[in-house]
Amino acid sequence: MPRIDRAVADVAASPEEVYAAFVDAEALAAWLPPEGMTGELSDAELRAGGGFTLALRYDEAPEGGAKTTEDTDLSRVTVDELVEGERVVWGVVFESDDPDNAGRMTMTWTFTAQGAGTRVAIDATDVPPGIDAEAHQQGLDASLAHLAAWLEAQVS
């Protein structure tokens, strides 16, 4: 059975406002990097069939190094699907010499109206076995917390 990692958060923004944070490169670069990392987005074509390159740099290199270099995870992301106000689907491939980090992970972000806000859920499927489950969960949770904070700052 393929591994699925999941995280969910409620944010104080409409589904359309959440979706907008996924199709704006500057916004995405601001909120996506998890705690303890900085991110740089390049080659961004945030449309279905497009994609981007994401370099995530650790503030402190992890023991044993990151996936691509000592302190960096580099991934190529394909935008598989965009449904305005409802869903964003990415295919993520890490640049790594380690076969345990190889393969294509699918990240499906769904947005469901919830009272005055939105429930944002992320399902990461086909997660490569080299990605530590606990660290990945922390990263997903942190990205959702950053998204919520970024959206709150935009709405205020």
With the condition kept exactly as written, say whether any residue in segment 79-86 is more than 28 Å from residue 117 (Cα to Cα) and either free of Cβ contacts under 8 Å to residues at least 60 places away in the same chain or not hydrophobic (A, V, I, L, M, F, W, C) (or both).
no
So which residues in segment 1-56 are in a strand (DSSP E or B), farther than 17 Å from residue 87 by Cβ, small (Gly, Ala, Ser) and more than 13 Å from the chain's Cα centre (by Cα)?
42, 44
Output the qualifying pairs, or none if there are none: Cβ atoms under 8 angstrom, residues six or more apart or on different chains, first residue in segment 122-139 and on the phi > 0 side of the Ramachandran plot, second residue in a loop (DSSP other than H, G, I, E, B) and among the small types (Gly, Ala, Ser).
126/103
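Of 94, 22, which residue is buried (at least 17 other Cβ atoms within 10 Å of the Cβ), in contact with a helix residue (DSSP H, G or I) (Cβ under 8 Å, 6 or more places away or on another chain), within 19 Å of residue 123 (Cβ to Cβ) and modelled with pLDDT under 95?
94
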Total residues in segment 102-152, condition touching a helix residue (DSSP H, G or I) at 6+ places or on another chain (Cβ under 8 Å) and assigned to a strand (DSSP E or B)
7
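The values are calculated or read from the model by the stated rules, or taken from the named source; none is laboratory data. These numbers were taken from a predicted model, which means no experiment stands behind them. Note: ideal-geometry Cβ built from the backbone for every residue, glycine included; neighbour counts use all protein chains shown.
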